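The values are calculated or read from the model by the stated rules, or taken from the named source; none is laboratory data. As the structure is a prediction and not an experimental result, all values here were calculated from the model. Every residue, glycine among them, receives a Cβ derived from its backbone with ideal geometry; neighbour counts consider all protein chains shown. For accessibility, only protein heavy atoms count, side chains too; no ligands or nucleic acids. Shrake-Rupley method; radii C 1.70, N 1.55, O 1.52, S 1.80 Å.
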Amino acid sequence: MKVMLRKVGEKYEIYVPKKDLEELVVESEKEGIWGGTIRIANGWTFAMPDMPPDTRLPITVDARKLSGDDD
């Protein structure tokens, strides 16, 4: 699923165009957001692609949705 990721202050925010959904990232498996799983404020989890830690934001990536409504 294509998602757009940006940084808002010290937090990350994800936008899912397919669902017109914008939520904060509230938990990440790894220190950064790349290469592990993240959970957003509505409870959905995504597997994020491996990218360098210094990847410029905002960026659109293909993340795999692992759980959440409308699976």
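Points to keep in mind about this one:
- Proximal lysines relative to Lys19, as straight alpha-carbon distance under 17 Å, when same-chain residues fewer than 8 apart are discounted: Lys2, Lys65
- Spin-label model, Ala41/Glu10: points 7 Å from Cα along the beta carbon direction are separated by 1.8 nm.
- Sorted peptide list for 19-31, 54-66, 38-50, criterion being average Cβ within 10 angstrom, highest first: 38-50, 19-31, 54-66
- Relative contact order for segment 1-51, counting Cα pairs under 8 Å that sit 6 or more residues apart, in percent: 23
- Rounded to the nearest 10 Å², the accessible area of Lys2 at probe 1.4 Å: 120
- Compared with the direct C-alpha span, the chain from Arg64 to Met51 gains 3.2 nm at full extension, assuming 0.36 nm per residue.
- Heavy-atom accessible area per residue - the chain, 1.4 Å, Å²: 66
- Note on the chain: Rg/Rh from C-alpha atoms, Kirkwood Rh, equals 0.91.
- Solvent-accessible area, 1.4 Å probe, carbon plus sulfur percent, for segment 1-45: 45
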